[in-house]
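This report concerns only the one structure given below.
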Amino acid sequence: MISSERIQAIMAGYVQKVDAGDIEAIVALYAEDAVVEDPVGQPALRGLAAIGDFYRQGLGQIKVAATLTGPVRATLNGCGAMAFRVDMLWQGEPCSLQVIDVMEFDEQGLIRSMKAYWGAVNIQPQG
């Protein structure tokens, strides 16, 4: 089983990769058959091809800054959750998106599933 400390490191690294806009490094964190729901309620994306397309079409099109806003919480059974903020331009205006991601990991430390909890109510104008 993956350790809680490793989960914390991988999830913190995910935010760093989002901040850097390193899409290929983000996709490399996922298992071949991973499932992503971003935001929760949208149709699930299954597999690396769909997940890669999702990040390229979203994150790959805009410049963002991502920052953890609290500690990564990790369980003893391969799951973690974290709150973070994404600063970006939304409809031409600078804003911040508050997100909570919940991830499940396999024994190799790859993400099996990721659910992002956010909605329009979590987007605030900056300044």
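The values are calculated or read from the model by the stated rules, or taken from the named source; none is laboratory data. All figures in this text were calculated on a predicted structure; none of them were measured in a lab. Counting neighbours? That spans all protein chains shown, and the Cβs are built from the backbone with ideal geometry, glycine included. Ligands, DNA and RNA are excluded from the accessible area calculation, which covers all protein heavy atoms including side chains. Shrake-Rupley method; radii C 1.70, N 1.55, O 1.52, S 1.80 Å.
Structure summary
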{"read-out": "Cβ-based net charge around ASP106, under 11 Å, with every Lys or Arg adding one and every Asp or Glu removing one", "value": "-3"}
{"read-out": "Between region 1-29 and region 57-100, the alpha-carbon center distance in angstrom", "value": "12"}
{"read-out": "Answer label, with P(r) over Cα pairs in 5 Å bins from 0, in percent calculated from the coordinates and candidates [x] 2, 9, 15, 16, 14, 11, 9, 8, 7, 5, 4, 2, 0; [y] 2, 10, 16, 14, 10, 9, 10, 10, 9, 5, 2, 2, 1, 1, 0; [z] 2, 11, 20, 26, 22, 12, 5, 2, 0", "value": "[z]"}
{"read-out": "Largest to smallest accessible area among TYR30, TYR117 [probe 1.4 Å]", "value": "TYR117, TYR30"}
{"read-out": "Charge tally in the Cβ shell below 13 Å around ILE26, where Lys, Arg are +1 and Asp, Glu are -1, ILE26 excluded", "value": "-4"}
{"read-out": "Mean Cα-pair separation over length for the chain, i.e. relative contact order, pairs under 8 Å, 6 or more apart, %", "value": "29"}
{"read-out": "Accessible solvent surface per residue of region 41-121, calculated while the other protein chains remain in place, 1.4 angstrom probe, Å²", "value": "56"}
{"read-out": "Accessible area, probe 1.4 Å, largest first, for residues LEU45, LEU89, LEU97", "value": "LEU89, LEU45, LEU97"}
